[in-house]
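Please read the structure below before turning to the comments.
The numbers here are math on the coordinates, done by the rules we state, and not lab data. Keep in mind that this is a model prediction, so the values were computed, not measured. With ideal geometry, Cβ positions are generated from the backbone for all residues, glycine too; neighbour counts draw on all protein chains shown.
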Amino acid sequence: MAEIKTIGVLTSGGDAPGMNPAIRAVVRSALYYGFRVMGIKKGYEGLLKGDIEEMSLRSVGDIIHRGGTMLQTARSKEFNTEEGVKKAMAMANVFGIDALVVIGGDGSYRGARDLANMGLKIIGLPGTIDNDISCSEYTIGFDTALNTVQDAIDKIRDTAYSHERCSVLEVMGRHAGYIAINVGISGGAEAVLLPEEELNINRDIIKPIIEGRNRGKKHYLVIIAEGVGGALEIAQQIEEQTGIKSRATILGHIQRGGSPTAYDRVMASKMGHYAVELLKDGKYNRIVAVTNGKLADYEVNEALDMKKSIDPKMLEISKILAL
Ligand code: ATP
């Protein structure tokens, strides 16, 4: 096995708070163990273009508390072709990169697997606010996103209570409702609509709101995952059918930004360090994950074949506690 001398690091797909502490951990751990480190800008797009710079201990100074990613990120159509992967591999060779740490989601790991098939040694780190990475219970940025949404909910509750209104809040999650179900519980929502579940407005929203009013509730919160959509229409329907004034808020990209929470910083630091330790120990083509609360790693194909879904108990709890 050829010895690893130079590790490249990139962030890919949607940005997430905590990507910076992860980059910092990869760079500093790699330098500590005597590797050279190359920072690749804008994900696979930067790898194709050779937008690559050598990193030093100081390159990652003063980023631990910043949201987003200092390496920037992108979605690259060109890379997603056979020609693109060959070109990216050739560029990795130009810069002497023999191992690559990819911080991103399942799509980014598929790209990394293509590079692994061409001989590059890859490690994936789970970075996305949506927590929708199949092999891991936790993803870097998820905790910050939950806290951002939680803060918004608390503010919205103040005004909803004062006016006896219903707030309909759309949160991120195109295909997965992890943010929605968690903030539904932490924010005390009357109803949570997930992309994973078939929607029945009367059963899932109108009935719990009317029953809640009959039990003496003074305000109402409905959380809708982005993949369900239609927050404005749903607010209108609630108002028409219940007579309760309803307002929709679509939180959007505010959920992606902000300083990473302590939890995300610690986890990103541990995972970035773990990635480098794997490479140091001659292990590669693996995705770093959290399983049963502990750091773990899976072979990339195994990781991509894994399935994950929302714990039905979470849905049950959210319904019981909204009574
Ligand atoms: P997130 O879900 O947080 O946005 P992600 O990593 O899943 O993260 P994608 O946009 O799916 O985000 O993927 C990022 C990049 O990875 C794509 O722009 C593309 O270059 C590459 N990629 C995605 N899917 C594949 C694939 N099937 N094969 C090769 N490369 C891929």
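Return the percentage of antiparallel bridges among DSSP beta bridges fully within the chain, rounded to the nearest 5 %.
The antiparallel fraction comes to roughly 20 percent.
Within 11 Å, Cβ to Cβ, of residue 72, how many net charges do the neighbouring residues add up to if Lys/Arg are +1 and Asp/Glu are -1?
That sum, taken over residues with Cβ under 11 Å, equals -1.
With n ≥ 4 as the cut-off for DSSP H runs, can you work out [θ] at 222 nm for the chain, using -39500 (n - 2.57) per run divided by the number of residues, rounded to the nearest 500?
That comes out to -12500 deg cm²/dmol.
Restricting attention to the stretch 290-321, which trypsin sites (Lys or Arg not before Pro) occupy a DSSP loop and are surrounded by at most 16 other Cβ atoms within 10 Å?
Those that pass, being in a loop and sparsely packed, are 307, 308.
Roughly how many debye, to the nearest 20, is the charge dipole of the chain about its Cα centre, given +1 on each Lys and Arg Cβ, -1 on each Asp and Glu Cβ, and no other charges?
It works out to roughly 600 debye.
If you project the alpha carbons of the stretch 142-256 onto their three principal axes, what span does each projection cover, largest first, in Å?
Over the stretch 142-256, Cα extents along the principal axes are 35, 30, 21 Å.
Grab the other residues whose beta carbon is less than 11 angstrom from that of residue 130, score K and R as +1, D and E as -1, and report the net.
Result for the neighbourhood of residue 130: -1.
In Å, what Rg and Dmax follow from the Cα atoms of the stretch 268-320?
Rg, Dmax (Cα atoms, Å): 15.0, 49.
Ignoring solvent entirely, what values of log10 I(q)/I(0) come out of the Debye formula for the chain at 0.07 Å⁻¹ when each Cα is a single scatterer?
-0.32
Between 255, 241, 150, find the one with the highest GNM mean-square fluctuation for the chain; connect C-alpha pairs within less than 10 Å.
The residue with the greatest mean-square fluctuation here is 241.
Rounded to the nearest 0.05, what FRET efficiency do residue 110 and residue 236 give with R0 = 51 Å and r taken as the Cβ-Cβ distance? Could you check?
Approximately 0.80, to the nearest 0.05.
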